[in-house]
């Protein structure tokens, strides 16, 4: 009886959180694809990686492999920080060159 309730609770928890994670992933993809602003594209990339991190943690909690999920999430967060810092540095260099952060201006960069 208790095992059935626990299994039902885990199933409900999975569906509720998976809907929220899906919304975060959709918002990140929208920001990444529909914007012409490099900062918004960077925010979209951040939303996508946060959604993937939450998905890894959710799957680890549902399957019972929380240790593995935590290790993967921490590794993903470290990689994410490095990627965001490098992208922000490139964004600053583009702004310094063009005085704009519009994606359409990237076609004019040479060399």
Any chance you could count how many residues in region 44-83 are more than 30 Å from residue 9 (Cβ to Cβ), buried (at least 16 other Cβ atoms within 10 Å of the Cβ) and without any contact (Cβ under 8 Å) to a residue 40 or more places away in the chain?
3
From the options 39, 101, residue that is in contact (Cβ under 8 Å) with a residue 12 or more places away in the chain and loosely packed, with under 15 Cβ neighbours inside 10 Å
39
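The numbers here are math on the coordinates, done by the rules we state, and not lab data. Small disclaimer: the values here were computed from a predicted structure and weren't measured. Note that we place each Cβ from the backbone using ideal geometry, even for glycine, and neighbour counts take in every protein chain shown.
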